[in-house]
1. Does S400 count as within 18 Å of the chain's Cα centre (by Cα) and of a type in the set (S, T, N, Q)?
2. Considering each residue of region 163-212, count those that are part of a loop (DSSP other than H, G, I, E, B) and free of Cβ contacts under 8 Å to residues at least 12 places away in the same chain, and give that number.
3. Report yes if some residue within region 41-61 is outside the structural domain of P275 (by TED's automatic domain parsing), of a type in the set (D, E) and exposed (fewer than 14 other Cβ atoms within 10 Å of the Cβ); otherwise report no.
4. Kindly check whether there is at least one residue in region 262-272 that is acidic (D, E), modelled with pLDDT of 95 or more and more than 15 Å from H218 (Cβ to Cβ).
5. Is it the case that F68 is assigned to a strand (DSSP E or B) and either surrounded by 14 or more Cβ atoms within 10 Å (Cβ to Cβ) or modelled with pLDDT under 95 (or both)?
6. Run down E353, E389 and say which single residue is free of Cβ contacts under 8 Å to residues at least 24 places away in the same chain and of a type in the set (D, E).
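The values are calculated or read from the model by the stated rules, or taken from the named source; none is laboratory data. None of the values given here were measured: they were computed from a predicted structure. Counting neighbours? That spans all protein chains shown, and the Cβs are built from the backbone with ideal geometry, glycine included.
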Amino acid sequence: MLSVSEAFALTQQHLLTLPVETVSLVNADGRVLREAVYADRDFPPFDRIAMDGIAIRFADYEAGQRTFPITGIQFAGQPQLTLGDANTCLEAMTGAMLPAGADTIVRYEDIQLADGQATITIDDLEQGQNLHPRATDRRAGDELLPIGTRLGPSELAVAASVGQTSLNVTVLPRVALISTGDELVDIGETPLPYQIRRSNTYMLRAALKSLGITATLHHIVDDETILNDRLATLLSENDVVILSGGVSAGKADFVPDVLAQLGVQKHFHKIDQRPGKPIWFGTTSAQAGPNRAVFALPGNPVSTVLCAYRYVLPYLRASMGLTPAPTLYAQLAKPVMFKPAITYFLPVRLISEADGRTLAHPLPGSGSADFANLLNADAFMELPADRSEFNAGEAFQLWSTRGSY
């Protein structure tokens, strides 16, 4: 049986090959950039006035002058004016070019205006103050957005500022989410005493939304022939197929055998972890057409959630060319004991303390079917397999189930 790290490494060795498409800037939010974006000119492109006030020569102030006749106004969006006459000033607005001949801006708060003149009222003026000099942020030709960047509001603003009306991004993978099992009914139905409503695929669809992926939902009953036919179609139409249930060792768990019949190469089935031990992962060969990936997740809801955030979402991130998510850690708020020598993913509630620590409060629950326990959980804490006792104050890695991914 594979360890968690071995299984994860295997998923990363069999990533999808997703093509590139060009989209308009206004439709690029949330997409993954597949071309670098460069500065087309200096940032800022001129010596930029950073505060409303007056523009002067610092040498005049240094020589003792405090009152300056005003000869004009330099507005933002206006061609550069020139501070022509000695011992004069120009009013200057935020965002405007620094007038030629001037080198210092004095704020309106530090002057008095009267009779067409500005009198400086402070004695701690410094040369070059209240200016944003040309190219202090970036120079023309500098890389602003590298390949693999997730495009959000800031990134789109930068792309717009350099005139990128369109961008090359990764084509979003087509994903099918499949629930299996005769015990499941649609959420709009009233279940019989021996049935439950489907929920896992709705959770998975919401999780994939954090990557901008809109998946389709399907349900297949516990019939090997029907499962074979439906899976064959869904594999031909999608880049990734994610199943929930039917993957363990029960008499009606047909998923592994059917995937083998359909030519999906198994890379692993079962990981030395709790919850989520019977997870299955395989791919189709790229030689026979576009490569496909299949994740068959355990049907118990907590196992499904854990496997989605520990394996499926990182796999999709990497396949889309997105840089890995930041690694998160927290300290245990209280000691935990877990005796089996396997990796344990502990549901935790996170609380940020005033001293900067993030404390993880354990939520053991009542097993992998206790999905209501996840309502109070913010993450899974990964506790390593080589120990059975985990002390309060020790830090371990987190796999967040909240917010964007």
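1. When the stated conditions are applied, S400 passes them.
2. 7
3. no
4. Yes - at least one qualifying residue is present in region 262-272.
5. Against the criterion (assigned to a strand (DSSP E or B) and either surrounded by 14 or more Cβ atoms within 10 Å (Cβ to Cβ) or modelled with pLDDT under 95 (or both)), F68 qualifies.
6. E353
Here is a yes/no grid of residues against (1) within 34 Å of the chain's Cα centre (by Cα); (2) on the phi < 0 side of the Ramachandran plot; (3) among the basic types (K, R):
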site	(1), (2), (3)
G30	yes, no, no
P44	yes, yes, no
A50	yes, yes, no
A59	no, yes, no
R66	no, yes, yes
F75	no, yes, no
Q78	no, yes, no
L83	no, yes, no
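Conditions tested, residue by residue: (1) surrounded by 19 or more Cβ atoms within 10 Å (Cβ to Cβ); (2) under 21 Å from L231 (Cα atoms); (3) assigned by TED's automatic domain parsing to the domain that holds F390.
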| residue | (1), (2), (3) |
| --- | --- |
| Q265 | no, yes, no |
| F281 | yes, yes, no |
| F295 | yes, yes, no |
| P301 | yes, no, no |
